[in-house]
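> My structure is below; once you've seen it, I'll send some questions.
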Amino acid sequence: MWIHAVLVLSCCALAVRAQFPRECTSTEALRSARCCPTPFGRVNDPCGVSLGRGQCLSVQADTRAHGPQYPHVDQDDRERWPLRFFTSACRCTGNFYGFNCGRCKHGFTGVNCDTPVPVVRRNVLTLNPSERRSFVNALHQAKRTVHPDLVIATRRYGELFSPDGNTTMFENITIYNYFVWSHYYSVSKTFLGGGQPSFGGVDFSHEGPGFVTWHRYHLLQLERDIQDMLGDPRFALPYWNFAIGGNQCDICTDDLMGARSSFDENGISSNSIFSQWRVVCESLDDYDTLGTICNSTESNPIRRNPAGNVARPMVQKLPEPQDIEACLQLTTFDTPPFYSTSTDSFRNTIEGYSAPEGTYDPVVRSLHNLAHLFLNGTGGQTHLSPNDPIFVLLHTFTDAIFDEWLRRHPGSADYPMENAPIGHNRDYNMVPFWPPITNAEMFVTAPENLGYSYEATWPARPITPTEIITIAVIAALFVVAIIFAVTTCAVRSRSHNSEGRQHLLGEQYQRYDDHDTHNSKSQSVV
């Protein structure tokens, strides 16, 4: 995990909290700064190079300037991720994937990873009872199953190795708790050393362009881990359409994410398996003041009280359907300063720091943020939120909106190369994922590039005032045209009746049919 354990430490303690493949956590691997394991139990075949699956290559880390929000240098292990830990990693070819290139890319299976397999994310409310049980059981199994590949560090940089230098301080963690832990790690403060307050103006997964790309890969990793756990490459995470308005949580039922407890308004019903879950990464005071690290220790139950925050009425109801369509109408992915203060930014709007039509307002919380705050409990606290499994469904829907925006605005999808908050530049390797993967690699449409798709419909676009005026003008012109046509026909009819009494013209008189009327209707009407 750490590039060199023998590096000379600076005068300030460095905050080290990271995860890597179990095979790369030996003292030899850490000191070599090389994480290129051999797949399938083979010998001396790093990344399956002899099988054409990948190569062990130097890690490329982003060196472009980041925004002013983070003023420190060499104080946080997440800077230039992951070079403080490893400088070489596997780079897989074709459809091969994984830390040792022993897996397939998402959406493919088979010995040669050349067989496409559909992974379709659906609205969780459309699942039948059997499918709902299967999904809930899969999450619960992931909560109880030790991750087969990854381990987490339990010490800071200077304390990673044992006193004799022969062992390292890592521990196992379950698949779902790793999902929680990686989110915590991305938002944790920078520890500056004993006696100094930790620096909190840093977030590698929120308040910047990487919000949508980071959470996209976060979900992909969980989905892929559960597929492997179940042996089912078709398993797909469903989504929760939270843009329904009102103050009711329609997925807070015992057959899905758990109803409200009858005995504790902030608890989950004992009829739900999620009432048994306990949270990780809760001891913020210790992390921030002592420099300790979130480990796999579970503590308190999940807390949830949808629409129960009476002190903040604005977060007592969910987003409206029209909020989604307004957000999708924005044509710019992100705008300077590429932060939570950006305006006319799709990213800042879907994240929820701007009003749905894109105007930044420091008071507003909309869409993603509003859905989290509506839950009013564990799910409303950034460092803890993935502990509540509603997080999964909330973020798959957020990702579905992101994917729809990419589809609608292919020419507007311009991700900033530099000057975004640290961790959010286009080519920054997202923290703490392994193998290294950049924001750019997730900034693509999912069905064509990432091996999954959404079964979703979107609200119709509301008619704008300008369009209403245009339609009214055209309708008025159409009415005038009809009146003119009818008047013309009446005049000509009277003329015909008059001439009909003149027998010399008889039947030789050409009668007017509906020709003029048809001509008047040939005008385009919008």
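Taken together, the values in this text are just the output of simple stated rules run on the coordinates, not laboratory data. Note that the structure is a prediction, hence the values are computed from the model and not measured. Neighbour counts are summed over all protein chains in view; Cβ atoms, including those assigned to glycine, are modelled from backbone coordinates with ideal geometry.
> Which entry in (1) 4, 16, 26, 23, 13, 5, 4, 4, 3, 2, 1, 0, 0; (2) 3, 12, 17, 13, 7, 4, 3, 4, 5, 5, 4, 4, 4, 4, 4, 3, 2, 1, 0, 0, 0; (3) 4, 19, 30, 28, 16, 4, 0 is this structure's computed P(r) over Cα pairs in 10 Å bins from 0, in percent?
Here the calculated entry is (1).
> At 0.36 nm per residue, and after removing the present C-alpha to C-alpha distance, how many nm does the segment from Ile437 to Ile482 gain when stretched out fully?
That works out to 9.8 nm of additional length.
> Provide the gained length on full extension for the span Phe40 to Asp232, in nm with one decimal, where the gain is 0.36 nm per separating residue minus the Cα-Cα distance.
Length difference between fully extended and current span is 67.2 nm.
> Separation between the Arg407 and Thr289 pseudo-spin-labels, each 7 Å from Cα along Cα→Cβ, expressed in nm?
5.1
> Distance between Cα centroids, segment 97-141 to segment 196-221: provide it in whole Å.
Cα centres, segment 97-141 to segment 196-221: 25 Å.
> Which loop chymotrypsin sites (Phe, Trp or Tyr not before Pro) in segment 221-310, with loop taken from DSSP, have no more than 11 other Cβ atoms within 10 angstrom of their Cβ?
Listed in order of number, the matching sites are Phe263.
> Another one. What do you get when you divide the Cα radius of gyration of segment 251-318 by 2.2 N^0.38 Å, with N the number of residues?
Here the answer is 1.36, to two decimals.
> Let me ask something else. Set the Förster radius R0 to 35 Å, insert the Cβ-Cβ distance between Asp414 and Val473 as r into 1/(1 + (r/R0)^6), and round the FRET efficiency to 0.05.
About 0.45, to the nearest 0.05.
> Something else now. Run the numbers on segment 131-232 and let me know its relative contact order in percent, using alpha-carbon pairs under 8 Å that are six or more apart.
Relative contact order of segment 131-232: 22 percent.
> Rg/Rh for segment 185-342: what does it come to with C-alpha atoms and Rh from Kirkwood?
0.99
> Counting only trypsin sites (Lys or Arg not before Pro) that are in a DSSP loop and have at most 16 other C-beta atoms within 10 Å, tell me the longest site-free stretch of the chain.
Within the chain, the longest run free of exposed trypsin sites (Lys or Arg not before Pro) spans 318-500.
> While we're here: Name the helices (complete DSSP H segments) of the chain with a Cα length along the long axis of 20 Å or more and a Kyte-Doolittle mean of at least 1.0, or state none.
Counting only whole DSSP H runs, the qualifying helices are 465-499.
> Continuing with this model, one more query. Checking the a/c ratio against 1.5 first, then a/b against b/c, what shape does the Cα gyration tensor give for segment 15-103?
prolate
> Which whole-number percent gives the relative contact order of the chain, counting Cα pairs below 8 Å spaced six or more residues apart?
Here the relative contact order equals 17 percent.
> When Lys and Arg each count +1 and Asp and Glu each count -1, what net charge do the other residues less than 11 Å away from Asp264, Cβ to Cβ, add up to?
Every neighbour counted, the sum reads +2.
> FRET efficiency for Phe263 and Thr445, Cβ-Cβ distance as r, R0 = 41 Å, nearest 0.05?
That gives a FRET efficiency of 0.30.
> So for the pair Ser134, Glu171, with labels modelled 7 Å out along Cα→Cβ, what separation do we get in nm?
Spacing of the two 7 Å Cα→Cβ label points: 3.5 nm.
> What length, rounded to one decimal in nm, is gained on full extension from Arg64 through to Thr93, with 0.36 nm per residue of separation minus their alpha-carbon distance?
7.8 nm
> Once you order the gyration tensor axes a ≥ b ≥ c over the Cα atoms, which shape class does segment 216-302 get: rounded for a/c under 1.5, otherwise prolate or oblate by comparing a/b with b/c?
oblate
> Let me ask you something else. What percent do you get for the relative contact order of segment 178-241 when only Cα pairs under 8 Å and 6+ apart count?
So the answer I get is 20 percent.
> Using a 7 Å offset from the Cα along the Cα-to-Cβ direction at both Ser270 and Thr27, what is the distance between the two label points in nm, to one decimal?
5.1
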